[in-house]
Each structure stands twice: as structure tokens, then as C-alpha cells.
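Below you'll find the structure, written out as C-alpha cells, and then a few comments.
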Amino acid sequence: MFQAPQIAALTALVTGGLVLFLARTLGPKGWMDVPSGRKSHAHPVPRIGGLALLVVLLVAKALGVLYLGLSALEWSVVVGLAALGVLDDRFNLRARWKAAAGVLVAIPLAAAHSRELLLSGRNVTLFGLDIPDHAYVFFPLLLLWYWGIPQAINLIDGLNGLSLGFSCLVLGALGLSTNSPLGAGSAPLWGALIALLLLNYPKARHFMGDAGSLGLGSLLAILVMDRALLFHRGLGFWLMAYPILDVATVVAIRRYSGRPLGQADRSHLHHWVLEHAGGRAWLAVPLLLGLAALPMTRDLPWVHAKAVSMLGLGALVLLALWVFVDKAILNPLSAFVPRKPRHAFLNEPSGTQPSAFLNQGSGTHPAA
């Protein structure tokens, strides 16, 4: 007789196996990411890993083996942003169009959750300061969250396994911090994430694509808001500190340099760390994930959890400032994407460039 842990493990193995099968079978049939001037992988790489993940999750939900506590509206936002990512992967949408579409998808959810917060009478704080409980305050903040976090997860999807590893950290920290782990109902999600991570680290053999990063980003944004806010009023920021600071750094560098926000460059934290790690992605990814994990300890049941989280946030802020000074002031040319002819990448053996480890699977977002 199988017990709950064994059933959960078996479910995770099955869903992970399905993700691997779909990604490896369907990807090479046309959904390929072809190297170009700003995509530094050496050979065409399939990029429907994220789409395979979401398809398997939806099938698992329909079969009743996946339960994350999301409403129909919340699932529609996840599917809507994933569909936007599919269009972006196929047609290379303009950054402003994709941003506008993301806002439109997030509006109904932000409105619904604003109303729920007002009716609940629950206080929301950030850094110990109470946020006024008014629809004119809650709605724009929630809209920014449900639009911005998926975009931020999309933008950190530039190094092999970084966004997938970060997603696993968020799910783990969310369960530990709120004393309410997602439980056996989340086994398909864990199985799918780990399977896709195996395809992307240390060497990317199948990119997640914008469909995966936007869909997964919206799922994380909803889970954090739904579960963390019930227990800890400001925990969402600490869980998402890394992508928030990364995007803030990119915006600051581009603004300071007078470049459009939608212009592709190499000003992300992962670009800087990879450069200073000698192009060794297997080293850069654990370093970044370690820094990202420290602020997440904010509400863990440890004696020094708050001190560790503050030190971690301080380290991330210092890194962001360092990257800003380097990329915007000291070495501004290092933020530009080198323009090489396509054949230069296709003719070079894999791994001959330090930047060959950059996962440009999403490929179409401004910071790829």
C-alpha cells in the first residue's frame, strides 16, 4: 500500500518524465532558438521547455493530482501570460507590445485581489510601514506586482538554470516561512521544475523560452501573494528581492546611459557575475542563487533568520551598486551586446567563448 510521500514522489517522477519527453521530442521539430548577434549559444537549441512544463501542469490539474489553491481567474492569468510568451517566442514581439499585453492580462486579477484585501481588513506592510488600505493604493501596487514579477523572472532567464533554480528556492522558502508547505498537491510542479532544470544546468540543452518564464513567473507571483500575505505582511518582497533588484539595476543603467529601456544589453547582475567568473556558468549560477536565497530567510524559524536576511539583502544591494558603477560609469561599453554575424556562432565549437553559457532561450526580451 502506497503512502502519501511515495505517491507524491511517484507523481513528481511521472510529471518530470513527461516534461522531458515533450521537450526532447517536440522541440527539435521547429521550436528552435537560432544563434544571432545577441544570442551567444553556438548552435540552434530547442526552446519549448517552459511550454512543455505548463502543458504537463495543466494536464495534472485536470486529472486532480495538482492542487496549488489557485482560483480559475488566477489560472487564467498564468495561461494568458504563457500564451503571450508563446507569441513572443514565435513572432519576436516588440517590448512595448509585450509589456502592454502583460498589463491587460494582470488587470482583472489585481482588481479582484484589491477587493479581497479591502474586505478582509488585513493590514499590509513594507519595511514595517503600513500601506494605506484603499483601492487607489492596493490596485496599482497589485497590478505592478502581477505584471512586474513575471517580467522580472523572464528577464533573469539569461543564464543556464538561474530562473528555474530561483523558482525552486522561492517554493521551498514559501513553504518553510508560512508553516504551510504546498504539500503533496505540488509534487507535479516540483517534478516538472527539476526535470527542466536538468535540461538547463550546467549546460543548456533545451531553453525554457518566454512562454515558460512568463507563465512560471506569474505562477510564483500569485503563490507568493496568496500564501505569504496571509502569514507575513511583507514577505513577498524578501522572497523576490533578487529579481526586483536586478530589474532596478538594469533600468538605472539604461536611464543613466541614455539608452531606451527596451534596448538589449548585458547589464544584468548575471552578466556581470558571469564575466567575473571567467565565463563559468556552473560557478556563476550557484553564487547568484546563494545570494538570492539569503533574503528569503526573513521569516524562517531560525534564531538569526532576520539578521541573515538583512545581510543578504545588503549584499544584493552592494552587488547591484557595484554593477551599476561598472556598467554605467567605469566600463559603459561592456553593457553593449557584441554584434557578430550569425555564421560566426554557427562555425565555432560549443564552449569556445566565455559567453557561450548564457542561456538566451527567452531570446526576445529586452535584456536577453
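The values are calculated or read from the model by the stated rules, or taken from the named source; none is laboratory data. Keep in mind the model is a prediction, meaning the values are calculated, not measured. Cβ sites come from the backbone with ideal geometry, for glycine too, and all protein chains shown count toward neighbours.
Things to note:
- Qualifying residue in segment 353-366 (condition: at pLDDT below 90, in contact with a strand residue (DSSP E or B) (Cβ under 7 Å, 6 or more places away or on another chain), closer than 28 Å to ARG96 by Cα and exposed (fewer than 14 other Cβ atoms within 10 Å of the Cβ)): no
- Selection of segment 257-286 for residues being within 20 Å of VAL317 (Cβ to Cβ) and of a type in the set (Val, Ile, Thr) yields only VAL273.
- Residue selected from segment 76-96 under the condition touching a helix residue (DSSP H, G or I) at 6+ places or on another chain (Cβ under 9 Å) and among the small types (Gly, Ala, Ser), by the criterion farthest from MET32 (Cα to Cα): SER76
- Scanning segment 255-263 for any residue that is part of a helix (DSSP H, G or I) and touching a His at 6+ places or on another chain (Cβ under 8 Å) turns up nothing.
- Of all residues in segment 199-228, those being in contact with a strand residue (DSSP E or B) (Cβ under 7 Å, 6 or more places away or on another chain) and either part of a helix (DSSP H, G or I) or among the small types (Gly, Ala, Ser) (or both) number 1.
For (1) under 18 Å from the mean Cα position of the chain (by Cα); (2) buried (at least 23 other Cβ atoms within 10 Å of the Cβ); (3) aromatic (Phe, Trp, Tyr), each residue gets a yes or a no:
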{"site": "ARG205", "(1), (2), (3)": "no, no, no"}
{"site": "GLY215", "(1), (2), (3)": "yes, yes, no"}
{"site": "ALA221", "(1), (2), (3)": "yes, yes, no"}
{"site": "ASP226", "(1), (2), (3)": "yes, no, no"}
{"site": "PHE237", "(1), (2), (3)": "yes, no, yes"}
{"site": "LEU245", "(1), (2), (3)": "yes, no, no"}
{"site": "VAL251", "(1), (2), (3)": "yes, no, no"}
{"site": "LEU261", "(1), (2), (3)": "no, no, no"}
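- Selection count, segment 287-327, where residues are farther than 13 Å from LEU239 by Cα, outside any helix (DSSP H, G or I) and not β-branched (Val, Ile, Thr): 3
- Any hit, segment 206-228, residues being farther than 22 Å from LEU87 by Cα and touching a Lys or Arg at 6+ places or on another chain (Cβ under 9 Å): no
- Answer from ALA184, ALA195 - the residue that is modelled with pLDDT under 95 and in contact with a Leu (Cβ under 6 Å, 6 or more places away or on another chain): ALA195
- Scanning segment 57-79 for residues that are assigned to a helix (DSSP H, G or I) and either farther than 13 Å from GLY215 by Cα or without any contact (Cβ under 8 Å) to a residue 60 or more places away in the chain (or both) gives LEU58, VAL59, ALA60, LYS61, ALA62, LEU63, ALA72, LEU73, TRP75, SER76.
- Any chance GLY217 is more than 19 Å from ALA320 (Cα to Cα) and in contact with a Ser or Thr (Cβ under 7 Å, 6 or more places away or on another chain): no
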